[in-house]
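Visitor: Questions regarding the structure given below will be posed in turn.
The values are calculated or read from the model by the stated rules, or taken from the named source; none is laboratory data. Remember, predicted model here, so these are calculated numbers, not experimental data. Note that we place each Cβ from the backbone using ideal geometry, even for glycine, and neighbour counts take in every protein chain shown. Remember, those area values only see protein heavy atoms, side chains included, never the ligands or the DNA or RNA. Shrake-Rupley method; radii C 1.70, N 1.55, O 1.52, S 1.80 Å.
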Amino acid sequence: MIEISNVGKSFAERNREHYIALDQVSFAVKKGEFVSLVGPSGCGKSTLLNMIAGFEKAETGIIEVNGHKVKGPGPDRVVVFQEHGLFPWLTVLDNVAFGLKQRGLSKKERHSIALEQIKAVHLSKFIDRYPHQLSGGMKQRVAIARALAMDPDILLMDEPFAALDEQTRSILQKDLEEIWVKTQKTILFITHNIREAVMLSDRVLVMSTQPGKIKKEFIVQAARPHSIGDPLIHHLESKITEELADELEKVVREEMGDEYRIKKNTFSIPSVDSMGFGI
Amino acid sequence: MIAWDLGYRYLHWGWKFPSPLQTYQAFVDGFTQGHLWGSISASLRRLLISFVISIAIGTTLGFLFARFRFFDQTFGFLVVALQTVPSIAWLPFAIIWFGLNDTAVIFITTIGATWTMSMASRTGIMNISTLHIRAAQMMGTGNGFRMFFQVMIPAAFPHLMTGIRVAWAFAWRALVAGELVAKGVGLGQMLQDSRDIGDTASILCVVIIIAIIGTISDHLCFKRLEDKIMLRFGYIK
Ligand SMILES: Nc1ncnc2c1ncn2[C@@H]1O[C@H](COP(=O)(O)OP(=O)(O)OP(=O)(O)O)[C@@H](O)[C@H]1O
Ligand SMILES: [Mg+2]
């Protein structure tokens with residue numbers, strides 16, 4: 001369970017005094033819930049996730065995980081990064097077992113747990129490979145297995161599939177949904193892909209930018225497993241897309257001046273057969 | 001080889017520079033009856049001791065420089081300056097502190113290799129990606145020894161390896177220079193002793209041995225090791 005109340009964060013900038021990245025952000029993620037965070041680039045999604053992970057400190061407000069204030073990184077909240085972050089000097093098996101080693105498990109114990117997780121992401125054949133010998137999708141699977149091997153309460157995922165091609169992405173989405181159903185982990189998931197967010201989540205939080213805030217919340221009430229054919233899903237996807245188009249227009253105007261205007265229909269509702277809509 | 005022999009015969013170098021045959025003879029004598037083996041092993045022993053010490057100190061210093069800004073801006077700056085001082089310049093100090101003995105030679109050899117190693121390890125550790133540090137932290141390495149040995153050292157490996165190779169070359173140089181002056185058994189001392197009796201064949205013989213050991217150790221040990229590991233971890237494709 002994650003509770004975020006009135007969290008703010010600003011960065012010092014050379015010319016201006018302060019750049020407010022996040023302002024008064026509040027929301028909660030219930031135990032076992034799958035929540036997605038979408039928003040224009042630079043709105044502070046990663047910053048927020050890094051604060052929950054304990055890599056960065058909140059300037060104002062309180063972040064609590066399972067009733068305890070976040071003080072630093074911990075094995076109860078594991079992050080899956082966009083660029084996998086695997087250790088190139090370790091094999092797949094040792095990468096996945098790394099966290100267990102820190103926990104003091106014997107070699108036998110940690111390898112058997114690691115093997116189980118590697119099997120769950122269908123990579124049993126590749127345990128002796130080094131990360132550079134794997135494809136992008138495989139690396140991301142290893143990163144997921146590494147996170148799950150720690151058996152954390154919470155998974156924090158920062159655009160984990162963004163660097164992958166569409167086919168690999170949709171396969172990994174299915175795998176992730178399966179893992180989530182099976183393990184009942186609490187997941188906070190950042191993405192630019194609205195379809196991905198709607199397909200996976202119980203709830204989608206849309207952020208606005210400058211300063212970063214939670215703008216709107218969408219609850220996905222469709223039956224699990226979510227399917228693209230479900231009109232509820234489709235309707236939600238277009239509503240979120242619309243919401244974000246407004247936000248994006250704001251960003252572009254800010255960056256390029258007032259004369260630049262995006263035509264609304266550029267961001268029209270994606271057709272059912274397209275592979276999702278990114279921003 | 002032929003040019004060398006012709007030069008010896010017709011330019012009348014006499015005893016100032018040996019002929020190929022004399023050099024060959026010096027090799028054979030040195031290895032069969034002389035103390036060439038003893039000298040080589042004594043020198044290598046000193047070299048290895050200094051080398052291990054300087055790699056350990058250098059890596060630790062580099063870590064401290066990379067980690068603590070204040071330390072880097074004060075002592076780090078000093079190290080950059082010290083790096084430019086040829087280590088043989090420390091010999092007078094070494095002799096005053098330790099006497100004309102092994103310790104003095106080991107001291108200047110260590111100094112010769114430490115600074116460059118510390119700079120290499122500083123660069124290596126500063127270049128570790130935040131992503132790897134964060135991944136390690138969230139998996140519970142903490143920020144102490146486990147982080148250092150299990151993450152920082154292997155992550156900084158390419159830079160460390162470069163540092164090690166340069167440190168080895170520097171140590172080798174400093175060693176021979178130190179031995180020229182110090183008493184005892186060693187290749188440097190052998191150069192000096194041979195000069196005293198005008199045995200140019202032995203001098204050349206030792207010079208050749210120094211070059212061969214230097215090359216072999218770099219190419220066959222460090223370079224091989226480096227290439228193998230770099231390839232394995234995908235640092236090079
Ligand atoms: N270390 C930092 N120093 C200064 N500014 C920063 C720093 N980290 C982030 N920012 C700024 O904070 C804002 C939010 O960054 P953040 O990375 O959280 O955005 P994001 O929503 O994750 O974007 P994206 O979708 O592109 O990943 C950005 O404007 C960024 O420039
Ligand atoms: Mg981001």
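Visitor: What distance in nm lies between label points placed 7 Å from Cα along the C-beta direction at B:LYS228 and B:PHE98?
Guide: 3.2
Visitor: At 1.4 Å probe size, with no ligands or nucleic acids counted, give the accessible surface of B:TRP4 in Å², nearest ten.
Guide: Taking all protein chains as shown, B:TRP4 has close to 60 Å².
Visitor: Right, something else. With both partners inside chain A, how many of the DSSP beta bridges are antiparallel, as a percent to the nearest 5?
Guide: The antiparallel fraction comes to roughly 55 percent.
Visitor: Kindly flag which residue pairs out of A:LYS57/A:LYS216; A:LYS30/A:LYS57; A:LYS30/A:LYS216; A:LYS69/A:LYS139; A:LYS9/A:LYS71; A:LYS107/A:LYS139 have an alpha-carbon separation exceeding 20 Å in this structure.
Guide: A:LYS57/A:LYS216; A:LYS30/A:LYS57; A:LYS69/A:LYS139; A:LYS107/A:LYS139
Visitor: Hey, got a sec? Which trypsin sites (Lys or Arg not before Pro) in region A:1-62 land in a DSSP loop and have at most 16 other Cβ atoms within 10 Å? Intermediate results must be reported in sequence, preceding the final value.
Guide: Numbers: sites: A:LYS9, A:ARG14, A:ARG16, A:LYS30, A:LYS31, A:LYS45, A:LYS57; in loops: A:ARG14, A:ARG16, A:LYS30, A:LYS31, A:LYS57.
In loop regions of region A:1-62 (DSSP not H, G, I, E or B), the sparsely surrounded trypsin sites (Lys or Arg not before Pro) are A:ARG14, A:ARG16, A:LYS30, A:LYS31, A:LYS57.
Visitor: If you don't mind, another one. For region A:86-222, place one equal point scatterer on every Cα, skip the solvent, and apply the Debye formula. What is log10 of I(q)/I(0) at q = 0.13, 0.17, 0.19, 0.22 Å⁻¹?
Guide: Treating every Cα as an identical point scatterer, log10 I(q)/I(0) equals -0.60, -0.94, -1.11, -1.36.
Visitor: Moving on. Report Rg (one decimal) and Dmax (nearest whole number) for region A:84-151, counting Cα atoms only, units Å.
Guide: Over region A:84-151's Cα set, Rg and Dmax evaluate to 10.4, 31 Å.
Visitor: Translational diffusion coefficient, Stokes-Einstein: compute it for region A:1-55 using the Kirkwood radius over C-alpha pairs as Rh, at 10 °C and 1.306 mPa s, and state it as an integer in µm² s⁻¹.
Guide: Values: Rh = 12.5 Å.
Stokes-Einstein gives a translational diffusion coefficient of 127 µm²/s.
Visitor: Among the aspartates and glutamates, which have Cα under 13 Å from the Cα of A:LYS125 when same-chain residues fewer than 8 positions away are ignored?
Guide: Within reach: A:GLU116.
Visitor: If you don't mind, another one. Leaving out ligands, DNA and RNA but keeping every protein chain, what accessible area does B:TYR10 have, in Å² rounded to the nearest 10, with a 1.4 Å probe?
Guide: Approximately 150 Å² of B:TYR10 is accessible to the 1.4 Å probe.
Visitor: Sorted from largest down, what three extents in whole angstroms do the Cα atoms of the protein assembly as shown have along their principal axes?
Guide: Reported extents, whole Å, longest axis first: 101, 52, 48.
Visitor: Do any trypsin sites (Lys or Arg not before Pro) in region A:63-93 lie in a DSSP loop with no more than 16 other beta carbon atoms within 10 Å, and if so, which?
Guide: Numbers: sites: A:LYS69, A:LYS71, A:ARG77; in loops: A:LYS71.
Answer in residue order: A:LYS71.
Visitor: Could you compute the FRET efficiency for A:GLU83 and A:LYS174, with r as their C-beta to C-beta distance and R0 at 30 Å, rounded to 0.05?
Guide: Details: r = 22 Å, r/R0 = 0.74.
Using R0 = 30 Å, I get an efficiency of 0.85.
Visitor: Next question, about the same structure. Please state, to two decimals, what the Cα-based radius of gyration of region B:26-67 comes to when divided by 2.2 N^0.38 Å (N = residues).
Guide: On the way: Rg = 17.3 Å, N = 42, 2.2 N^0.38 = 9.1 Å.
So the Cα radius of gyration is 1.90 times the expected 2.2 N^0.38 Å.
Visitor: I would also like to ask the following. What accessible surface, in Å², does a 1.4 Å probe find on A:GLU217, ignoring ligands, DNA and RNA and rounding to the nearest 10?
Guide: Looks like 100 Å² after rounding.
Visitor: With just the Cα atoms of region B:41-183, tell me how far they stretch along each of the three principal axes, in Å, largest first.
Guide: The Cα atoms of region B:41-183 stretch 55, 33, 21 Å along the principal axes, largest first.
Visitor: Report the normalised scattering of chain A as log10 I(q)/I(0) at q = 0.09, 0.15, 0.16 Å⁻¹, calculated by the Debye formula with identical scatterers on the alpha carbons.
Guide: -0.44, -1.18, -1.30
Visitor: While we're looking at this one, here's another question. If each Cα of region A:59-120 is one equal point scatterer, what is log10 of I(q)/I(0) from the Debye formula at q = 0.15, 0.24, 0.25 Å⁻¹?
Guide: -0.61, -1.07, -1.11
Visitor: Using only Cα atoms and rounding to the nearest 10 degrees, what angle (0 to 90) does helix A:166-183 make with the longest principal axis of chain A?
Guide: 70
Visitor: Hey, could you get me the Stokes-Einstein D for region B:140-222, Kirkwood radius over alpha-carbon pairs, 37 °C and 0.692 mPa s, rounded to whole µm² s⁻¹?
Guide: On the way: Rh = 15.3 Å.
Translational diffusion coefficient: 214 µm²/s.
Visitor: Sort A:ASP165, A:ASP94 from largest to smallest accessible area, using a 1.4 Å probe on the heavy atoms of the protein chains.
Guide: Working: A:ASP165 80, A:ASP94 60 Å².
The residues order as A:ASP165, A:ASP94, largest area first.
Visitor: Straight-line reach from B:LYS228: which lysines have a Cα under 22 Å away, not including same-chain ones fewer than 8 places off?
Guide: Output for B:LYS228: B:LYS237.
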